[in-house]
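Inspection log for the structure reproduced underneath, given as structure tokens.
The values are calculated or read from the model by the stated rules, or taken from the named source; none is laboratory data. Note that the coordinates shown come from a computational prediction; the quantities given were computed from them, not determined experimentally. A quick note on method: Cβ atoms are made from the backbone with ideal geometry, for glycine too, and the neighbour counts reach across all protein chains shown. Ligands, DNA and RNA are stripped out before the accessible areas are found, and what is left, the full protein with its side chains, is counted by its heavy atoms. Shrake-Rupley method; radii C 1.70, N 1.55, O 1.52, S 1.80 Å.
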Amino acid sequence: MSFDGTWKVDRSDNYEKFLEKMGVDEEKRKLAAHDNMKLKIKQNGKQFSVHESSVYGSVNYFLDNTFQFEVDIDVLLVGEWTLNGAKMEGEFTRQDNKKVLKTTREIVGGELVQTYWYEGVKAKRIFVRQ
């Protein structure tokens, strides 16, 4: 399993509904549907550094370190990513309502699959290596 590399979103499943549940306004949901989100992951054994860039901005972080980021102007999340076997697992708490977003990343058939769960809504984004 190697997450190392640059990944670009290729397709999504139920992502707009997930963003709606998160409270993202309609205009940003429409932009996100055509977002060219990129992940730059540097992996050295079990150590990871990650740079995410999307319509919402960009964020840098390391696994096992708490960080915060905004999904929308009023949606601030705080949490961290960890490595559990062959999966990256993230758990993030909204600061406005304390509800929890859970997400995973795993390599499936050469693609990076990110799955999100929030308040009963499940979504996926599938990334291809560039």
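If R0 equals 25 Å, the separation of the Cβ atoms of K8 and N97 corresponds to a calculated FRET efficiency of about 0.20. Here is how the number arises for the chain: DSSP H runs of 4 or more residues each give -39500 (n - 2.57), the sum is divided by the residue count, and the result at 222 nm is -3500 deg cm²/dmol.
Per residue, the convex hull spanned by the alpha carbons of the chain comes to 96 Å³.
One chain, two ends: S53 and E16. Fully extended at 0.36 nm per residue, the span grows by 11.5 nm beyond their Cα-Cα distance.
Which of the trypsin sites (Lys or Arg not before Pro) found in the stretch 36-116 are loop residues per DSSP with 12 or fewer other Cβ atoms within 10 Å of their Cβ? Qualifying residues, ordered by number: K46, K98. Taking amide H positions as modeled 1.01 Å from N, with prolines and chain starts lacking one, the residues under 5 Å from K99 and 5 or more places away or on another chain are R94. Taking all protein chains into account, the per residue accessible area for the chain stands at 55 Å² (1.4 Å probe). In order along the stretch 40-53, the phi-based Karplus estimate (6.51 cos²θ - 1.76 cosθ + 1.60, θ = phi - 60°) of 3J(HN,Hα) comes to 10, 10, 10, 10, 10, x, 9, 9, 10, 10, 10, 10, 10, 9 Hz; Gly and Pro are listed as x.
Given the Cα-Cα distance of K38 and V78 and 0.36 nm per residue of separation, how much length would full extension add, in nm?
Values: separation 40, 0.36 × 40 = 14.40 nm, distance 2.04 nm.
Difference between extended and current length: 12.4 nm.
Who wins for biggest fluctuation among Q114, Q68, Q43 in a Gaussian network model of the chain, springs between alpha carbons below 10 Å? Result: Q43 has the largest fluctuation of those listed.
Full extension of the segment from V108 to K46, taken as 0.36 nm per residue of separation minus the current Cα-Cα distance, would add 20.5 nm. Basic side chains Lys and Arg get +1 at the Cβ, acidic Asp and Glu get -1 at the Cβ, and with that the dipole of the stretch 48-96 about its Cα centre reaches some 180 debye. Taking the dipole about the Cα centre of the chain, with the C-beta of Lys and Arg at +1 and of Asp and Glu at -1, give me whichever of N14, Q95, G57 is farthest to the positive side. Comparing the listed Cα positions along the dipole, N14 ranks first.
Skipping prolines and chain starts, which residues have an amide H placed within reach, meaning under 5 Å, of the one on D4, given they are 5 or more residues away or on another chain? Amide H to amide H, under 5 Å and 5 or more residues apart or across chains, D4 pairs with Q43.
Treating only the Cβ atoms of Lys and Arg (+1) and Asp and Glu (-1) as charged, compute the dipole magnitude of the chain about its Cα centre; round to the nearest 20 debye.
On the way: 21 positive and 21 negative charges, 79 e Å.
Dipole of the chain, to the nearest 20 debye: 380 debye.
For the chain, the share of accessible area belonging to carbon and sulfur comes to 44 percent (1.4 Å probe, ligands and nucleic acids excluded).
In the structure displayed, which of K30/K87; K46/K98; K8/K122; K21/K98 lie more than 26 Å apart, Cα to Cα?
Working: K30/K87 29 Å; K46/K98 30 Å; K8/K122 20 Å; K21/K98 14 Å.
Cα-Cα > 26 Å for K30/K87; K46/K98; rest within.
Please build a GNM for the chain, connecting alpha carbons under 10 Å apart, and tell me which residue among G110, G90, G45 fluctuates the most. In this elastic network of the chain, the residue with the biggest mean-square fluctuation among G110, G90, G45 is G45. Computed from the Cβ-Cβ distance with R0 of 25 Å, the FRET efficiency linking K87 to E27 stands at 0.15.
Projecting the Cα atoms of L31, Q130, W117 onto the charge dipole of the chain (Cβ charges, centred on the Cα centre) puts Q130 farthest toward the positive pole.
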